[in-house]
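Visitor: Starting off with a structure, shown below.
We did not get these values from a lab; they are worked out from the coordinates using the rules stated. Quick caveat, the model's predicted, so the values are computed rather than measured. For neighbour counting, all protein chains shown are included, and Cβ atoms are generated from backbone atoms with ideal geometry for every residue, glycine included.
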Amino acid sequence: MNAFTIAATAMLAGFVPLLLVCVRAEAVDALIALELAAALTTTILLCLAEGLGSSAMFGVPVVCATVTWVGGLVFARFMGRHL
């Protein structure tokens, strides 16, 4: 294990407060927590790709960042009248 895999493992604890916000908060706050969870997931995947030393794995976080950004915009667009 190196510093990147340890950092990725430590960042997994960041999902707990985000999950609590998604469950208990209003829709706007839950959307923000969901977007933050997507950014955290992308960062974890980047750390794992670097920590495992596989350059082929760097495509996954790039796709994850793009898809979550577009997904957040689509969600906000269609749920905009309910937020």
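Visitor: Say each of residue 4 and residue 62 gets a label point 7 Å from the Cα, pointing the same way as Cα to Cβ; how far apart are those two points in nm?
Guide: Calculated label separation equals 1.5 nm.
Visitor: Determine the relative contact order of the chain: mean sequence separation of Cα pairs under 8 Å and six or more apart, normalised by residue count, in whole percent.
Guide: On the way: 61 pairs, mean separation 27.3, N = 83.
Here the relative contact order equals 33 percent.
Visitor: Taking θ = phi - 60°, what integer Hz values does the Karplus form 6.51 cos²θ - 1.76 cosθ + 1.60 yield along the stretch 21-26, in sequence order, with x for Gly and Pro?
Guide: 5, 5, 7, 9, 8, 6
Visitor: Note the direction-averaged projected area, equal to a quarter of the hull surface, for the Cα convex hull of the stretch 3-82, in nm². Please list the in-between numbers first.
Guide: Details: hull surface 21.0 nm².
So the mean shadow area of the Cα hull is 5.2 nm².
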